[in-house]
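**Q** Okay, handing you the structure first.
The values are calculated or read from the model by the stated rules, or taken from the named source; none is laboratory data. Given the structure is predicted, the values throughout are model-derived calculations rather than measurements. Every residue, glycine as well, gets a Cβ built from its backbone with ideal geometry; the counts of neighbours run over all protein chains shown.
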Amino acid sequence: MAIVFFSDFGFGDIYVGQVKGELQRLAPPIPVIDLLHEAPAFKVRASAHLLAALAGRFAPDSIFLAVVDPGVGGPRNAVVMQADGRWYVGPDNGLLSVVAARALKGSCARILWRPDLMSDSFHGRDLFAPIAAHLAVQGSLPRDWIEHRDGLEIEFGGDDLPEIIYIDHYGNAQSGIRASGIPRDAVLIIGDRRIHYAQVFSAAEVGRAFWYENSLGLVEIAVNRASASQALGLKIGDRLAWA
């Protein structure tokens, strides 16, 4: 078992350490895996697709602490969810909804419990981390801490997202499109550019842009030995089409 931490907090700021400190205080024997802290800031839909692509390779008893929460302190609910044997704790703002839509089985509940002290602006540390820690140590939550729901309030659905959802430090641009259903002779169109398929980087000439199926099974745009983001002027949210 492990707590898998996914956020848009950034490693260069003070927030990841504070959350992990709370997890260590409340669940000291439980390992914490830093899955990603550079999720697209404020971009819940893109982050939801990224989380769904990443989660499937983790053990069924993993507990995902997922926080991309631009509406923190507002009317959105806090939720705990089970999907295909894994737990997810986070805001009910759509972040968990792609995982939920693609799961074969699952359940969700609104979190009623509140700590004695809770910042209006840091629910990741004060609300979500204690819930994840309690699940890790106890395996369940007290009945009066939650209210079961038929589904999430904000749902994006399980369809692919034909947009760039993540750009890594190499400049490779990952999309929300699952590559398994895309013919290899399909031409990807982004803006006024037409990009052809290559299986791997070494199959493309140096400096050539191409699309390929990345290790998560998603369509990704790359340039061999260069930054696709810089070379093509790509950014998160850019729309993709096919020809």
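**Q** Go through the stretch 30-58 and give me each residue that's part of a strand (DSSP E or B) and hydroxyl-bearing (Ser, Thr, Tyr).
**A** none
**Q** Scan the stretch 152-185 residue by residue and report those that are among the small types (Gly, Ala, Ser) and either under 22 Å from residue 41 (Cα atoms) or surrounded by 14 or more Cβ atoms within 10 Å (Cβ to Cβ) (or both).
**A** Answer for the stretch 152-185, where residues must be among the small types (Gly, Ala, Ser) and either under 22 Å from residue 41 (Cα atoms) or surrounded by 14 or more Cβ atoms within 10 Å (Cβ to Cβ) (or both): 157, 158, 171, 173, 175, 176, 179.
**Q** Could you check the stretch 128-180 and list, in sequence order, the residues that are of a type in the set (A, V, I, L, M) and under 19 Å from the mean Cα position of the chain (by Cα)?
**A** Once the filter is applied, which keeps residues that are of a type in the set (A, V, I, L, M) and under 19 Å from the mean Cα position of the chain (by Cα), the stretch 128-180 yields 129, 131, 132, 152, 154, 161, 164, 165, 167, 173, 177, 179.
**Q** What about residue 61, is it of a type in the set (Asp, Glu), over 17 Å from residue 36 (Cα atoms), touching a Phe, Trp or Tyr at 6+ places or on another chain (Cβ under 9 Å) and assigned to a loop (DSSP other than H, G, I, E, B)?
**A** yes
**Q** For the stretch 1-56, which residues satisfy the criterion of being among the β-branched types (Val, Ile, Thr) and within 18 Å of residue 169 (Cβ to Cβ)?
**A** Selection gives 16 alone.
**Q** OK, next. Answer yes or no: is there a residue in the stretch 81-95 that is touching a helix residue (DSSP H, G or I) at 6+ places or on another chain (Cβ under 7 Å), crowded, with 22+ Cβ neighbours inside 10 Å, over 28 Å from residue 164 (Cα atoms) and not β-branched (Val, Ile, Thr).
**A** no
**Q** Another question, then. Residue pairs, Cβ under 6 Å, 6 or more apart or interchain, first in the stretch 65-93 and assigned by TED's automatic domain parsing to the domain that holds residue 53 and among the acidic types (Asp, Glu), second buried (at least 21 other Cβ atoms within 10 Å of the Cβ) and part of a strand (DSSP E or B). List them.
**A** 69/91; 92/79
**Q** Which members of the stretch 96-105 meet the condition of being surrounded by fewer than 22 Cβ atoms within 10 Å (Cβ to Cβ) and under 18 Å from the mean Cα position of the chain (by Cα)?
**A** 101, 102, 103
**Q** Of all residues in the stretch 141-151, which are without any contact (Cβ under 8 Å) to a residue 40 or more places away in the chain and either touching a strand residue (DSSP E or B) at 6+ places or on another chain (Cβ under 6 Å) or buried (at least 19 other Cβ atoms within 10 Å of the Cβ) (or both)?
**A** Selection gives 147 alone.
**Q** Shifting gears a bit: Please give the strands (runs of 3 or more DSSP E) falling wholly within the stretch 85-165 in which 2 or more residues are small (Gly, Ala, Ser).
**A** Of the strands (runs of 3 or more DSSP E) lying wholly inside the stretch 85-165, those with at least 2 residues that are small (Gly, Ala, Ser) span 106-111.
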